[in-house]
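The structure appears below as C-alpha cells.
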Amino acid sequence: MSATDSSSYWGPHGATAVFPAVEADLFVDAVVIGGGMTGATTAYLLKKAGLTVALVERDRCGHGDTGHTSAHLTAITDGRFPELVRSFGRDHAEAIWDAGFAAIAEIARIVEEEHIDCDFTWVPGYLTERFDATDERGAAELQDIAEVTAQSGFDAAFVPAVPTLELAGVRFDGQARFNPITYLSALLQLVAGNGSHVFEQSPVDAVTDDPLTVKVGAHTISTSFVVVATHVPIIGKTNVLKATLLQTDLYPYSSYVLAARIEKGAWPDALIWDLSEPYHYVRLEPHSAHDVVIFGGEDHKTGQVKDTAERPDRLESLLHRFLPEAVVTRAWSGQVIETRDGIPYIGETSPRQFVITGFGGNGITFGTLGALMARDAAMGSPNPWAALFDVGRTRVVQGLWDYLKENKDYPYYMIRDRFAGAQGRSLRAVPAGEGRIIDLRGDRVAASRDAKGRLSVLSPVCPHMGCMVAWNTAESTWDCPCHGSRFSATGDVMSGPAEQGLSVYSRRDVEERS
C-alpha cells in the first residue's frame, strides 16, 4: 500500500467548529442524540419547524461514520430495483426509491436556501459490470435492471460503455455529490443559538420516561421528544428486550476507501459502482490542477476477517487496472449497517422516542430521509414513508400505496417528476404533434411540435406550486398532475389554479443548450 495517511480524505477539508459540553440542566422541545449527518439534519429541520433543540454528541461532531463516508448522494439502493420489486412489490419498490430522491431533493433545497458552499453538484450514476471481470451475463443483467427500472418511470437507461471504463452499465440521472463535512459544519452552525444547542464531549448515560429526560453526566435535559441518531441505536428508554432485539437485527459491515490523485479529466464526474458482491464504488472529487478519485469496497462483516490490511491493497491493485498513474494518498475504513430486508429502520421504538438506523450503502440519503420523518413525527404530521420504514414493519406493508396517494400533497410528490426521468436528451426526439420532457444539457424542458413541425420549448415547472407538468396526448396540452392546472402547447394558461403561463425558452436559449 503506497498510502501513508490513514485518516479520512474529509478530515482536513472542512473540520467542524468546536462546541461546548453540557454544563447545566436545561429544557428543550427535542433532544437529538448523535452528531453525524443524520443527527445534524434532524436538529436543523426540527429547529426550522419552530422547536428548540439540543443536539448531543459523545465525541466530536462528524468524527464518526459521517467523516468516513465516500459521500455518494444516491437514491439507488444496494438492492437492485428488480430485487425490491420481487421482495416488496412494485408500488413499494417505487416508494423506497422515491424516498431516496426526496432526500437528495431536500439536501439540494437546504444547500440553496442556506447558501452552503459544499461543492454540491448533480452528477449521473452508473451501475456497471464487475470491475474485475466482464462477461455477457453481466451485460444481460444490466439490461434487465434498466428495463424494469424504466418501467416505473425512473430515469434508467442501458449504456454499452460507461465513460472511461468501457464497461456496460445502467445510467441513472438525478444523483449528486458534495463535501459532507462542510455541509455538516454549516448545519451545526445553523442549529446552535436562539434557544437551541449543539453539545460535544457529552455522552448520554440514560433516557428516562415520565418525565422524558436525557441524562448527560451530572446534568439533565428535559424534553418532549427524543431522536436517537447514533450509528447503532442506544437503548434509550425502550424496553431492554425490545431494544436488544433491534440491535441484533442490525448487521455491521466494514468498508475500505482510498483517495488517489489523478490527472485532470482522467475520470468522469459521476458516481460509479459495480455488480460485484460486495460491490466497489468510486466517485470524483475535482480540484483546480488535478482530480482525486475516492474508491471503496472490499466490505466484510465487522470483526470477521483476520487480515484486514490486505483489503486496501486489493483496492489499490484494482484501481490501477483502470488508472495506472493514480497515486494513492489516503486509505481508511468506515462502517455501514445493514438490516434484515435491506431497507432502514426509521420510527418510534417507544412513545416520543424516534430511532433512525440501518442505511446500508445509502447513509447520506437515508439519514436525511430519517431526519425528514423525525421532523414530521415530532410535529404530528403525516409522512408517506412511515409505514414502509417503521421499526416494527412486516416484510410487505399492506395498503401502503393507497396511503401514499392520500399524501400526494407531501412536498416531495409535488416535484417527484423532476426525478422520474426525462423522455430524451435531444429536441430531435420530439415528433410532430407530440410533447415530451427533454433533458437539454442538464435543464429539463417541456418541448412539443405542432402538426407542421413548429417547435415550442417551455419550462416544465407549473407556476402554481412548482410541480412538473405532463403532456396530454389527447388534448395536446401540458397538464399539472398535482392540482390540475392546464396549459396550451405554447404555454398559455387554459385553466387554473395557476394564474401565469409556463415560461417560454427563447430561440437563443434553446440554441445555447442544444
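Condition first: small (Gly, Ala, Ser), at pLDDT below 80 and under 32 Å from the mean Cα position of the chain (by Cα). Now tell me which residues in region 427-460 satisfy that.
Ala429, Gly442
Testing Ile96 on (1) touching a residue at least 60 places away in the same chain (Cβ under 8 Å); (2) more than 27 Å from Val198 (Cβ to Cβ); (3) in contact with a strand residue (DSSP E or B) (Cβ under 9 Å, 6 or more places away or on another chain), one condition comes back false. Which one is that?
Ile96 satisfies all of (1) touching a residue at least 60 places away in the same chain (Cβ under 8 Å); (2) more than 27 Å from Val198 (Cβ to Cβ); (3) in contact with a strand residue (DSSP E or B) (Cβ under 9 Å, 6 or more places away or on another chain) except (3).
Any idea which of Asp155, Asp173, Asp144 is over 20 Å from Phe101 (Cβ atoms) and touching a residue at least 40 places away in the same chain (Cβ under 8 Å)? Even if it seems obvious, please write down each step before you answer.
Values: Asp155 fails: over 20 Å from Phe101 (Cβ atoms); Asp173 fails: over 20 Å from Phe101 (Cβ atoms).
Sole residue among the options that is over 20 Å from Phe101 (Cβ atoms) and touching a residue at least 40 places away in the same chain (Cβ under 8 Å): Asp144.
Using the structure shown, decide if Ala289 is at pLDDT 90 or above and either more than 27 Å from the chain's Cα centre (by Cα) or open to solvent by 60 Å² or more (accessible area, probe 1.4 Å) (or both).
Criteria met by Ala289.
For region 270-280, which residues satisfy the criterion of being surrounded by fewer than 22 Cβ atoms within 10 Å (Cβ to Cβ) and either more than 21 Å from Asp78 (Cα to Cα) or not hydrophobic (A, V, I, L, M, F, W, C) (or both)?
Selection gives Ser276, Glu277, Pro278, Tyr279.
Filter region 317-350 down to residues that are of a type in the set (Asp, Glu) and closer than 20 Å to Gly79 by Cβ and give me whichever is nearest to the chain's Cα centre (by Cα).
Once the filter is applied, the top-ranked residue is Glu338.
Which members of region 475-492 meet the condition of being in contact with a Phe, Trp or Tyr (Cβ under 6 Å, 6 or more places away or on another chain) and open to solvent by 60 Å² or more (accessible area, probe 1.4 Å)?
Step one: of region 475-492, the residues in contact with a Phe, Trp or Tyr (Cβ under 6 Å, 6 or more places away or on another chain) are 478, 487.
If the condition is that a residue be in contact with a Phe, Trp or Tyr (Cβ under 6 Å, 6 or more places away or on another chain) and open to solvent by 60 Å² or more (accessible area, probe 1.4 Å), then no residue fits.
I need the full set of residues from region 97-149 which are under 17 Å from Arg283 (Cβ atoms), of a type in the set (S, T, N, Q) and buried (at least 18 other Cβ atoms within 10 Å of the Cβ), in order please.
Scanning region 97-149 gives a single hit, Thr128.
Evaluate region 304-324: report whether one residue or more is under 30 Å from Thr208 (Cα atoms) and in contact with an Asp or Glu (Cβ under 7 Å, 6 or more places away or on another chain).
no
From the residues in region 150-175 that are β-branched (Val, Ile, Thr) and open to solvent by less than 10 Å² (accessible area, probe 1.4 Å), which one is nearest to Pro268 (Cα to Cα)?
Val162
Against the definition (at pLDDT below 95 and under 26 Å from the mean Cα position of the chain (by Cα)), how does Val198 come out, yes or no?
In short, no.
Which members of region 452-473 meet the condition of being over 23 Å from Arg416 (Cβ atoms) and of a type in the set (A, V, I, L, M, F, W, C)?
The one that is over 23 Å from Arg416 (Cβ atoms) and of a type in the set (A, V, I, L, M, F, W, C): Leu455.
Return only the number of the condition from (1) surrounded by 16 or more Cβ atoms within 10 Å (Cβ to Cβ); (2) more than 22 Å from the chain's Cα centre (by Cα); (3) not small (Gly, Ala, Ser) that Thr365 does not satisfy.
Checking Thr365 against (1) surrounded by 16 or more Cβ atoms within 10 Å (Cβ to Cβ); (2) more than 22 Å from the chain's Cα centre (by Cα); (3) not small (Gly, Ala, Ser), the one that fails is (2).
Pairs, please: C-beta under 7 Å, at least 6 apart or cross-chain, first residue touching a residue at least 60 places away in the same chain (Cβ under 8 Å) and farther than 19 Å from Val228 by Cβ and in region 190-209, second in a helix (DSSP H, G or I) and open to solvent by less than 60 Å² (accessible area, probe 1.4 Å)?
Leu190/Tyr44; Leu190/Glu114
The values are calculated or read from the model by the stated rules, or taken from the named source; none is laboratory data. Bear in mind that the values here come from a model prediction, so they are computed numbers and not experimental data. Positions of Cβ are backbone-derived with ideal geometry, glycine not excepted, and every protein chain shown enters the neighbour counts. These area figures cover heavy atoms from the full protein model, side chains too; ligands, DNA and RNA do not enter into them. Shrake-Rupley method; radii C 1.70, N 1.55, O 1.52, S 1.80 Å.
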